[in-house]
Amino acid sequence: MTRPLPALGAAALLAGLLSQSQMSAQGAPQGPPPGVPGATVSAAVRHDRSPALRDIPATLEEVLGEREVRAPLPVKRGPRKAPGFRDPALQDRFPLAAMPLTTQSFDGVNNRNGVLPPDTNGDVGPNHYVQWVNLSLAIYSKTGASLYGPTNGNTIFTGFGGPCETTNDGDPIVLYDERADRWMLSQFALPNYPNGPFYQCVAVSTTPDPTGTYYRYAFEFSKMNDYPKLGVWSDGYYLAINQFAAGSGLWAGQGVAVFERDRMLLGQSARMIYFDMAPDASLGGMLPSDLDGQAPPAGAPNVFMQFDDSPDQLQLWEFHADWVNTGNASFTRKALLATAAFDSNMCGGSRSCIPQPGTTAKLDAISDRLMYRLQYRNLGGYDAWVVNHTVDADSTDRGGIRWYEVRKNGAAYAIYQEGTYSPDPVDRWMGSAAMDAAGNIALAFNASSSAYYPSVRYTGRLAGDTLGEMTQGEADIITGSGSQTSTSSRWGDYSMLAVDPADGCTFWATLEYQQTTGGAPWRTHIAAFRFPTCGTPPPPALAAPTNLAATTVSSSQINLAWSNNSSNETGFKVERCTGATCTAFAQIATVGAGVTTFSNTGLTASTAYVYRVRAYNAGGDSGYSNTASATTQASTQAPAAPSNLTAAASGRVAINLTWLDNSSNETSFVVERTPPIPAKTVQLAANATTYRDTGLTRNVTYAYRVQACNSNGCSTWSNTASARPK
């Protein structure tokens, strides 16, 4: 059973507001302000591997009547613009073109838990669509067939123990990790709300099948991790949270963190790098970048973004994670990008804002923050980010959607285009924006007015169209036929527009709508569409190799073999480290496409080596395989004989020797000299290739030879070399 969470009092809410007028415009670039500590590093407090989700019985529907899940607390409120303000980026007319029809359209999870709002979220993979709302998740085929659920969200943590299993508090996020061909699902756990500790619960699928097993993690926070928003990146799963103090619920600043993705993909213990940005009063409502398509340039940081209202601008911060030396991790502001003027103060900050037919009850515009998600694409010659937020389009509290495309070409960030989409008096809000592989942009959103029931619509533009405009028409995904009468006004609190990794072109949207009038009989819908002009899709995501095995062959050779799970790799990268507990891997070889074996030769006897393998192509690297280790055999052979021995007189009483070391397993060298008879011998250390013989007699010819030795014996002698001091 789930339980309603205690609501904060009005005084706590007001004290928690972060007034935009207190925000300071700061020069760029800069690091954290004075008082911000360095990175805090902590390990997951719990992790395991789950049974297959398909084998865990789904929970039954448990409608308990209308109840409000814990509200996202306000992070900031901008000043209202002067009466008569008109958004200079406003698009106040409908496009002449027509949006393409949906290719899939089906209902998702409805209000089976009797709560509001749904926090609608979901993502698409090569073969599945996974949706998670408050407080249930479900898995579908890409034609809408139900494959699992709906079931309570915490079902995925069955048997895990702790708050992730025993609470079902919501704020869910589902992301498909395209580069690893895995799923990442997360929600928070607030077992002692409003007191701490608080938790972020994360499940990473062990295979591409979201109905299978998961590696599960619980990360602990001392401040409340409200409105958690995640993004997939090459080196981590990045998190932005709006923080509130335990107990009081007062605003406690922006928090940012990253989870150790590479280890989570292998089910190993994993760490979190966390920055508490509370001393910077300008921060709140950030989003991390979420990767679609081609991997970012090697070593590229994850960009976090937020908007400010007065001055009207975007703040861009770079989060560098360093898992080898976490002390080098940094979170640094890199740009302040001035935007066209906008008014984000909808209805004076009141949740009762968006009108509906036949009721005085209104809906929450949530205009104080960027709307999920901040999508990132590497388009070869430049990097691009797409994001949106709700604004007052004409100073009459008419909701419109301000959207941006930010680009980085070289070292500089810039707003490439922006616009405010509000082509008629209907309110548009709760948007989610994304870009396909061809650079076309789509926007899915809710629409409502006093004459139009809350519905789901979509619009878009092609890459070559007039900048700052949605040019390809507007269409309904699903038309509502009822109003929400709950006095809480809760709606949203976010939505999701994803792009299909199978083609890089098909958009998948999920939002809520209202079919019947009532307190909270919300439903959700899932739909797909694509622009026919979308160009050549990027290569499908590479699946990580599996079943890596290492077999000792001799004292100097270990053979590797693995299973290839991709069909589009260019080849495989083989990495190795030395020592049974080593972690400092380095690439030692690449092999071609379809090759699933490698022989590592020239190794040191009686030494442990650890290996891992990943596939690669022009789009980047797959996740890593499992690790495999083996120890070379003890050496059973005498070393190879040295060669190219030379002898040269050095002054009157010395001769210098040099030779070529032809073995890798010697433990010493023996140098022999005549006269005298019997010969004189000197023992030198392994790897020696020179020797200076002193105290000799002038005008006497001395002959030398050298051999290498180990516990198995000595090599044959080298060639003989002679010299005569004069």
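Nothing in this text is a laboratory measurement; each read-out follows from the coordinates by a stated rule. Just so you know, these numbers come straight off a predicted model, no measurement behind them. Using ideal geometry, Cβ is built from the backbone for each residue, glycine included, and neighbour counts are taken over all protein chains shown.
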- [ ] Grab the other residues whose beta carbon is less than 14 angstrom from that of PHE598, score K and R as +1, D and E as -1, and report the net.
- [x] +3
TODO: List the relative contact order of the chain as a percent without decimals, with contacts defined as Cα pairs under 8 Å and 6+ residues apart.
DONE: 12 percent
TODO: Report relative contact order for the range 546-631 in percent, whole number only (criteria: Cα-Cα under 8 Å, sequence separation at least 6).
DONE: 36 percent
Task: Estimated 222 nm signal from helices in the chain, with DSSP H stretches of n ≥ 4 weighted -39500 (n - 2.57), rounded to 500 - done: -500 deg cm²/dmol
Open item on the list: Restricting to Cα pairs below 8 Å that are 6+ residues apart, what does the relative contact order work out to for the range 357-458? Please round to a whole percent.
Closed with: 23 percent
Open item on the list: I need the shape label for the range 175-332. Rule: rounded when a/c is under 1.5, else prolate if a/b > b/c, else oblate, with a, b, c from the alpha carbon gyration tensor.
Closed with: oblate
Task: Residues of the range 691-726 with amide N under 19 Å of the 7 Å Cα→Cβ point at THR658 - done: 691-694, 704-707, 718-725
TODO: Give the residues of the range 554-568 whose amide nitrogen is closer than 20 Å to a point set 7 Å from the Cα of SER606 in the direction of its Cβ.
DONE: 554-558
TODO: Would you work out which of GLY253, ILE401, GLN514 lies farthest towards the positive end of the dipole of the chain? Charges go on Cβ: Lys and Arg +1, Asp and Glu -1.
DONE: GLY253
- [ ] Can you figure out the FRET efficiency of SER450 with THR103, using R₀ = 25 Å and their beta-carbon distance, to the nearest 0.05?
- [x] 0.15
- [ ] Treating only the Cβ atoms of Lys and Arg (+1) and Asp and Glu (-1) as charged, compute the dipole magnitude of the range 491-617 about its Cα centre; round to the nearest 20 debye.
- [x] 300 debye
Open item on the list: Taking R0 as 45 Å, what FRET efficiency do you get between THR143 and ALA340 from their Cβ-Cβ distance, rounded to the nearest 0.05?
Closed with: 0.60
- [ ] Among the listed pairs LYS81/LYS362; LYS142/LYS229; LYS223/LYS362; LYS680/LYS726; LYS408/LYS573, give every one whose C-alpha distance is greater than 27 Å.
- [x] LYS223/LYS362; LYS408/LYS573
TODO: Note the full-extension length gain between TRP717 and THR590 as 0.36 nm times their separation in residues minus their Cα-Cα distance, in nm to one decimal.
DONE: 41.8 nm
Task: Student exercise, the range 147-197 dipole from Lys, Arg, Asp, Glu Cβ charges, in Debye to nearest 20 - done: 60 debye
TODO: With a ≥ b ≥ c taken as the square roots of the eigenvalues of the C-alpha gyration tensor of the range 643-723, please select rounded if a/c is under 1.5 and otherwise prolate if a/b is larger than b/c or oblate if it is not?
DONE: prolate
TODO: Compute the FRET efficiency between ASP48 and SER248 as 1/(1 + (r/R0)^6), taking r as their Cβ-Cβ distance and R0 = 35 Å, and round to the nearest 0.05.
DONE: 0.55
Open item on the list: For a test of the definition: using alpha carbon positions, the gyration tensor, and the 1.5 limit on a/c, classify the range 213-297 as rounded, prolate or oblate.
Closed with: oblate
Task: the chain, dipole about Cα centre (Lys/Arg Cβ +1, Asp/Glu Cβ -1), debye to the nearest 20 - done: 2580 debye
Open item on the list: Could you compute the net charge surrounding ILE354? Neighbours are other residues with a C-beta less than 12 Å from the C-beta of ILE354; K and R count +1, D and E count -1.
Closed with: +1
- [ ] Using θ = phi - 60° and the Karplus relation 6.51 cos²θ - 1.76 cosθ + 1.60, list the HN-Hα couplings for the range 283-294 in order, rounded to whole Hz, with x at every Gly or Pro.
- [x] 9, x, x, 6, 10, x, 6, 10, 7, 10, x, 4
Open item on the list: Name the residue from ALA437, TYR452, MET496 whose Cα lies farthest towards the positive end of the charge dipole of the range 411-509, charges +1 on Cβ of Lys and Arg and -1 on Cβ of Asp and Glu.
Closed with: TYR452
Open item on the list: Full-extension gain between LEU467 and ALA411, please, as 0.36 nm times their residue separation minus the C-alpha to C-alpha distance.
Closed with: 17.9 nm
Task: Area projected by the alpha carbon convex hull of the range 546-631, averaged over all directions, nm² - done: 5.1 nm²
Open item on the list: Can you give me the C-alpha center-to-center distance between the range 440-465 and the range 557-577, rounded to a whole angstrom?
Closed with: 45 Å
- [ ] Place +1 on the Cβ of every Lys and Arg and -1 on the Cβ of every Asp and Glu in the chain, take the dipole about the Cα centre, and give the residue among TYR214, SER136, ALA647 whose Cα lies farthest towards its positive end.
- [x] ALA647
- [ ] With a point put 7 Å past each Cα toward its Cβ, work out how far ARG698 is from THR674 in nm, to one decimal.
- [x] 2.7 nm
Task: Linear extension gain, ARG93 paired with VAL682, 0.36 nm per residue minus alpha-carbon span - done: 202.5 nm
Task: Cut-off under 5 Å, modelled amide H: who pairs with ALA434 long-range - done: ALA442
- [ ] Using only alpha carbon positions, build the gyration tensor of the range 486-624, then give the equivalent ellipsoid semi-axes as the square roots of 5 times its eigenvalues, largest first, whole angstrom.
- [x] 49, 20, 10
Task: Surrounding net charge for ARG652, when Lys and Arg each add one and Asp and Glu each subtract one, Cβ distance under 9 Å - done: +2
Task: Cα convex hull volume per residue for the chain (Å³) - done: 183 Å³
